[in-house]
Amino acid sequence: MIKARRKIGLHLLAKSSFWLIFLIGALLFGVRWTKGTGYMDFYAVLVKPILPGTAQREWIKEGEKIEQKIRIKLLEDDNNRLRKALSLKSFNADQRISAAVIARSSRNWWQKLEINKGAKDGVTAGQTVIGPGGLVGIVDSSTILTSRVRLLTDPGHQIGAWISRIKQHGILTGMGTNRPKLIFLNKNSLAQIGDAVTTSPASTILPPNLTIGIVRFVDAKALPSPYAIVQLTASPEAIDWVQVLKNNDSK
Amino acid sequence: MIRNNKKLLLFFTVVCLPAFVIGSPEWLKINGITPCWPVIWLLPFSLKSRPWIAFLAAICLGIFMDSFTIDKVSYIPSLVFLSLVWGRNRIQNNKIELLFNIGLMSIFGTICVGFSIWIQKILFYNSLRNHWFNSWAIYVLISEIIITGLVAPFFSSWLLLSYKKN
């Protein structure tokens, strides 16, 4: 008796069981290759309705904020302690005096603000004045009830400034316009447009790391020293309230 | 009438002048620049007073104005110079009361005061010497000239008439 030869060939493709096996195999390979992405995504969609709600999210955020505040406070205390050890200037965030601007001369021969807090409230000459955006100026003189603030833009007014990105000092000089000039002490200045300008962390006159402005123009080849033009972040023309920073050593 | 004029003068000198200098009202500004109030006050006083009185008034006014500035730059040299120049022109000619003349004299005074402050600033601050062209100073000077030229004919001529009536 002659046995019929088993049928092998393309006719197998026509059988549904072959496609089933092929699909299962392809699926397994796909799952393995994508490291189960589909399953995970499907799981995420599936459990979305029973995930922790917005209230819990708020609690977590609140907790993070508190943690950050504590961390900042600890770092500030640590920083102040180290600065004290190095005899550098420091300030305490709690010792701020809020004051309203009662008169303004931000474009005249003298660029100054008059504020409604004076010696009675502990404001003395040389204290730093900040507004929304950063450093505004320095207290020039104070009476019992008012103080006169010399703006950073006042022609000839000079303070030390610092660009943290390139770690270089410069002298910020008021030029009568809204854009004071930052004269670098180092000839090889690598300042770029967009660099943030702050008060020097090693300053013995001003509190450290207060924002002053952003570099808008750099002339690296200028003589006798390179300079940059700084756009102030705090606009004295628009500020109605300022804060006077009391130093830690002042009572 | 004379009494009233004296009261008006006293009111302007004791109340209005300090108020305008300190408060610098927004409605009396051009480009954020106030009129040159010492010039507006000194002009009629110098034209109607004896030269030495005008000289003393200029020094007093300069001391008063300097109390509102924030550096060593002083109003006194320019105001003294103006009091001497205007004191020499102390004439009884009625034409001096014309608004146009008062305006021109106040513009001259503002230019003198402005240049004096500018030069003193350059002398006192090394950083300003590097640039002979200080754009801020020209901006302030021109704005101050315009606003003083507009305001002075009203205030100064009124003060001059009040002095005359006294």
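The values are calculated or read from the model by the stated rules, or taken from the named source; none is laboratory data. A quick note: this is a predicted structure, and the numbers were derived from the prediction, not measured. When we count neighbours, we look across all protein chains shown, and the Cβ atoms used for this are built from the backbone with ideal geometry, even at glycine. Surface accessibility is based on the protein's heavy atoms, side chains included, excluding ligands, DNA and RNA. Shrake-Rupley method; radii C 1.70, N 1.55, O 1.52, S 1.80 Å.
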Computed over chain A: longest principal axis from alpha-carbon atoms vs helix A:54-85 long axis, angle to nearest 10 degrees, is 40 degrees
Site B:ASP66, offset 7 angstrom along Cα→Cβ, radius 20 Å on amide nitrogen, limited to segment B:26-48, gives B:36-43
Between chains A and B, total accessible area buried, probe 1.4 Å, no ligands or nucleic acids, nearest 100 Å², roughly 2100 Å²
Quick calc: nm separation of the 7 Å Cα→Cβ label points for B:LYS7 and A:PHE217 -> 5.6 nm
Full extension between B:ARG50 and B:LEU161 adds, at 0.36 nm per residue less the Cα distance, a length in nm of 38.3 nm
Length gained if A:LEU23 through A:ARG165 is fully extended, taking 0.36 nm per residue and subtracting the Cα-Cα distance, is 45.4 nm
In Å², rounded to a whole number, the accessible area per residue of chain B with probe 1.4 Å is 50 Å²
Nearest-0.05 FRET efficiency for A:LEU75 and B:LEU84 at R0 = 56 Å, using Cβ-Cβ distance, is 0.30
Rounded to whole Å², per residue accessible area for chain A with a 1.4 Å probe reads 63 Å²
A chain fully extended from A:ALA85 to A:SER98 at 0.36 nm per residue, minus the present Cα-Cα distance, gains in nm 1.8 nm
Summing -39500 (n - 2.57) over every DSSP H run of at least 4 in the protein assembly as shown, dividing by its residue total and rounding to the nearest 500, the 222 nm mean residue ellipticity is -14500 deg cm²/dmol
Expressed in nanometres to one decimal, the distance between label points 7 Å along Cα→Cβ at A:MET40 and B:ILE22 is 7.0 nm
Chain B: relative contact order from alpha carbon pairs under 8 Å, six or more residues apart, as a whole percent, is 35 percent
The percentage of the accessible area of chain A (probe 1.4 Å, all protein chains present) made up of carbon and sulfur atoms, to the nearest whole number, is 62 percent
Karplus ³J(HN,Hα) for segment A:225-232 (6.51 cos²θ - 1.76 cosθ + 1.60, θ = phi - 60°; Hz, whole; x = Gly/Pro) runs 8, x, 9, 9, 9, 10, 8, 5
Contact order relative to length for chain A, counting C-alpha pairs under 8 Å separated by 6 or more residues, stands in percent at 18 percent
When every protein chain stays in place and a 1.4 Å probe is rolled, A:VAL45, B:VAL151 sorted by accessible area with the largest first are A:VAL45, B:VAL151
Rounded to the nearest 10 degrees, the helix A:16-33 long axis (Cα) sits at an angle to the longest Cα principal axis of chain A of 30 degrees
Here the tail fraction of P(r) beyond 36 Å, over all Cα-Cα pairs of the protein assembly as shown, rounds in percent to 48 percent
Here FRET efficiency (C-beta to C-beta, B:VAL14 to A:ASN209, R₀ 56 Å, nearest 0.05) is 0.75
Among A:ILE72, A:GLY38, A:ASN186, the residue whose Cα sits farthest towards the positive end of the charge dipole of chain A (+1 at Cβ of Lys and Arg, -1 at Cβ of Asp and Glu, taken about the Cα centre) is A:GLY38
The correct ranking of A:LEU185, A:LEU223 by accessible area at 1.4 Å, largest first, is A:LEU223, A:LEU185
Partner shielding of B:26-33, as the mean number of partner chain Cβ atoms within 10 Å, equals 2
To the nearest 20 debye, the protein assembly as shown has a Cα-centred charge dipole, built from +1 on Lys and Arg Cβ and -1 on Asp and Glu Cβ, of 1160 debye
